[in-house]
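Q: Handing you a structure now.
The values are calculated or read from the model by the stated rules, or taken from the named source; none is laboratory data. All figures in this text were calculated on a predicted structure; none of them were measured in a lab. Note: ideal-geometry Cβ built from the backbone for every residue, glycine included; neighbour counts use all protein chains shown. These accessible areas exclude ligands, DNA and RNA; they are computed on the full protein's heavy atoms, side chains included. Shrake-Rupley method; radii C 1.70, N 1.55, O 1.52, S 1.80 Å.
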Amino acid sequence: MSATDPGSAAADGLPLGQLTAWFADCFGGTADCAWWAPGRANLIGEHTDYNDGLVLPFALDRGTLAVAARREDGMLVVRSRQASGPTLSIRIDDLRPGAVTGWAAYPAGVAWALREAGHRLTGASLAIDSDLPQGAGLASSAALECAVALAMSWVHGLVIPRPELAELARRAESDFVGMPCGIMDQYASLLCEAGCALLLDCRTGVGTQVPLDLAGACLMIIDTQVRHVLADGAYAARRQECMEAARALGVASLRDVADALAGTGLAGTGLAGAGLAGAGLAGAGLACTRLIDPALRRRARHVITESRRVEDCAAALRAGDVAAVGALLTESHRSLRDDFEVSWPAADAAVASAVAAGALGARMMGGGFGGSVIALVPQVDVPQVRAAVGKQFASRGWPLPQFSDAAPGGGARRMD
Ligand code: GLA
């Protein structure tokens with residue numbers, strides 16, 4: 001690998017030279033490759049991925065860098081510049097769910113998922129660096145998984161199509177780490193293109209690039225500084241409720257209800273004959289009244305209406321209707337707050353004060369219970385939106401939020 005100058009810049013802000021020098025210090029040799037994978041923001045489509053629905057994420061210019069060298073002794077050895085805990089050092093043959101905990105479970109899970117998929121791994125040494133905050137709703141876990149998956153594949157000469165690699169990375173998180181996530185974050189990290197959001201159909205895996213032309217507005221990330229731990233069970237509980245709602249409605253997934261209401265997929269579902277074909281969003285309430293449990297009814301209503309909002313948002317982007325995009329973001333937040341109940345007070349306050357100060361729309365992002373808000377703001381109003389949100393947080397005695405621009409960047413790539 002050539003880039004060993006500690007001052008050389010790479011990977012949108014992460015110094016590659018420093019990491020390769022650290023790799024040499026840690027492992028006493030040179031790395032074979034360097035792969036970088038971004039975190040993501042999600043414009044709209046929250047908690048729809050594991051319901052077979054649509055999402056519209058884009059890649060950030062912040063992410064995770066992995067430099068790696070092949071080993072022949074069957075060991076996986078990983079060090080992270082962010083981790084205070086010990087180095088991961090484990091025989092790949094000994095990997096099984098529960099064998100590794102903490103941050104190291106993510107790279108270990110990737111090796112496990114590759115092995116389980118039948119790929120022969122001889123071992124690898126990896127050094128990791130990241131400029132993504134953890135628990136901020138920016139998919140730092142997926143960035144770590146994807147950078148490691150690409151580096152591990154490369155040193156073993158494996159050519160794995162990116163959609164397949166995304167599924168392996170998701171499996172690492174779901175089946176090895178124990179957080180039953182959907183596919184959005186891994187797809188976004190591996191498949192987004194610069195300047196675009198990825199309209200992904202999570203049932204078929206078909207993605208369409210949608211240019212993010214925002215006509216003088218920009219996307220701002222407001223990190224509320226409230227940290228979530230999605231593996232703590234609240235996310236899994238929501239996922240379970242969605243499955244129960246689908247079962248009660250007689251469909252395989254809540255996506256089927258959304259399709260039925262749009263008049264595109266009623267046949268063959270348990271909703272056939274319910275008079276809902278083409279009933280549109282108004283029909284969402286009607287479909288959901290079939291659910292006795294009021295909480296299940298609200299969860300289903302969120303997923304069904306959110307699916308429609310993703311389609312409407314992609315159409316508004318293509319039509320250059322930035323005001324309509326903003327309105328959909330704020331409506332998505334309302335639905336996540338009131339129906340899906342995954343919002344948190346600092347997100348609600350950030351959304352309300354950003355919109356009051358001139359944002360065209362804003363919403364919480366990611367799994368919820370902590371993390372970041374995304375706001376669509378006319379460029380000229382950026383200073384006053386920042387000031388208003390900051391003032392709101394200060395008046396409540398909360399730690400000040402962190403603001404950053406969310407320029408849509410490219411997906412994961414080799415850096416050396
Ligand atoms: C997390 C998960 C994703 C997705 C979002 C919610 O980021 O990793 O798969 O479910 O929450 O939209």
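Q: All but one of (1) surrounded by fewer than 20 Cβ atoms within 10 Å (Cβ to Cβ); (2) modelled with pLDDT under 95 hold for residue 239, so report the exception by its number.
A: The failed condition is (2).
Q: Can you name the residue in the stretch 356-370 that is surrounded by fewer than 24 Cβ atoms within 10 Å (Cβ to Cβ) and more than 16 Å from the ligand (Cβ to nearest atom) and, of all such residues, is nearest to residue 183 (Cα to Cα)?
A: Looking at residues that are surrounded by fewer than 24 Cβ atoms within 10 Å (Cβ to Cβ) and more than 16 Å from the ligand (Cβ to nearest atom), I get 360.
Q: Moving to a separate point now. Tell me the residue from 285, 216 that is out of contact with any Gly (no Cβ under 8 Å at 6 or more places or on another chain), within 30 Å of residue 382 (Cα to Cα), modelled with pLDDT under 95 and surrounded by fewer than 20 Cβ atoms within 10 Å (Cβ to Cβ), please. Spell out how you get there, then give the answer.
A: Values: 285 fails: within 30 Å of residue 382 (Cα to Cα).
Selected residue: 216, the only one of 285, 216 that is out of contact with any Gly (no Cβ under 8 Å at 6 or more places or on another chain), within 30 Å of residue 382 (Cα to Cα), modelled with pLDDT under 95 and surrounded by fewer than 20 Cβ atoms within 10 Å (Cβ to Cβ).
Q: Among the numbered criteria (1) open to solvent by 30 Å² or more (accessible area, probe 1.4 Å); (2) in contact (Cβ under 8 Å) with a residue 40 or more places away in the chain; (3) hydroxyl-bearing (Ser, Thr, Tyr), which single criterion is violated by residue 330?
A: (2)
Q: Also, quick follow-up: Hey, can you tell me all the residues within the stretch 334-350 that are free of Cβ contacts under 8 Å to residues at least 40 places away in the same chain and either under 15 Å from residue 403 (Cα atoms) or not acidic (Asp, Glu) (or both)? Full working, then the answer.
A: Taking the stretch 334-350 as the starting set, the residues that turn out to be free of Cβ contacts under 8 Å to residues at least 40 places away in the same chain are 334-335, 337, 343, 345, 348.
Result: 334, 335, 337, 343, 345.
Q: Show the residue pairs that are 6+ apart or on different chains and have beta-carbon atoms under 7 Å apart, the first residue being within the stretch 299-314 and of a type in the set (Ser, Thr, Tyr), the second being open to solvent by 10 Å² or more (accessible area, probe 1.4 Å).
A: 305/281; 307/54; 307/255; 307/258
Q: Continuing with the same structure: Looking at this structure, is residue 353 more than 30 Å from residue 66 (Cβ to Cβ), without any contact (Cβ under 8 Å) to a residue 12 or more places away in the chain and either open to solvent by less than 10 Å² (accessible area, probe 1.4 Å) or more than 15 Å from the ligand (Cβ to nearest atom) (or both)? It would help to see each step written out before you state the result.
A: Working: more than 30 Å from residue 66 (Cβ to Cβ): yes; without any contact (Cβ under 8 Å) to a residue 12 or more places away in the chain: no; either open to solvent by less than 10 Å² (accessible area, probe 1.4 Å) or more than 15 Å from the ligand (Cβ to nearest atom) (or both): yes.
Here the answer is no, as residue 353 does not meet what is asked.
Q: Determine which single condition residue 91 fails, assuming it passes every other condition in (1) of a type in the set (Lys, Arg); (2) in contact with a Gly (Cβ under 6 Å, 6 or more places away or on another chain); (3) within 16 Å of the ligand (Cβ to nearest atom).
A: (3)
Q: Going residue by residue through the stretch 359-369, is there one that turns out to be basic (Lys, Arg), in contact with a helix residue (DSSP H, G or I) (Cβ under 7 Å, 6 or more places away or on another chain) and closer than 19 Å to residue 257 by Cβ?
A: Within the stretch 359-369 (the criterion being basic (Lys, Arg), in contact with a helix residue (DSSP H, G or I) (Cβ under 7 Å, 6 or more places away or on another chain) and closer than 19 Å to residue 257 by Cβ), the answer is no, since none of the residues qualifies.
Q: Here is a list of conditions, (1) modelled with pLDDT under 95; (2) more than 30 Å from residue 404 (Cα to Cα), and residue 85 meets all of them except one; can you say which number that is?
A: Answer for residue 85: the failing condition is (2).
Q: Restrict the check to the stretch 371-386 and report whether at least one residue is open to solvent by 50 Å² or more (accessible area, probe 1.4 Å) and within 25 Å of residue 51 (Cα to Cα). Please lay out each step first, then the result.
A: Here is the first cut: in the stretch 371-386, the residues open to solvent by 50 Å² or more (accessible area, probe 1.4 Å) are 379-380, 383-384, 386.
From what is left, the residues that are within 25 Å of residue 51 (Cα to Cα) are none.
No, the stretch 371-386 contains no residue that is open to solvent by 50 Å² or more (accessible area, probe 1.4 Å) and within 25 Å of residue 51 (Cα to Cα).
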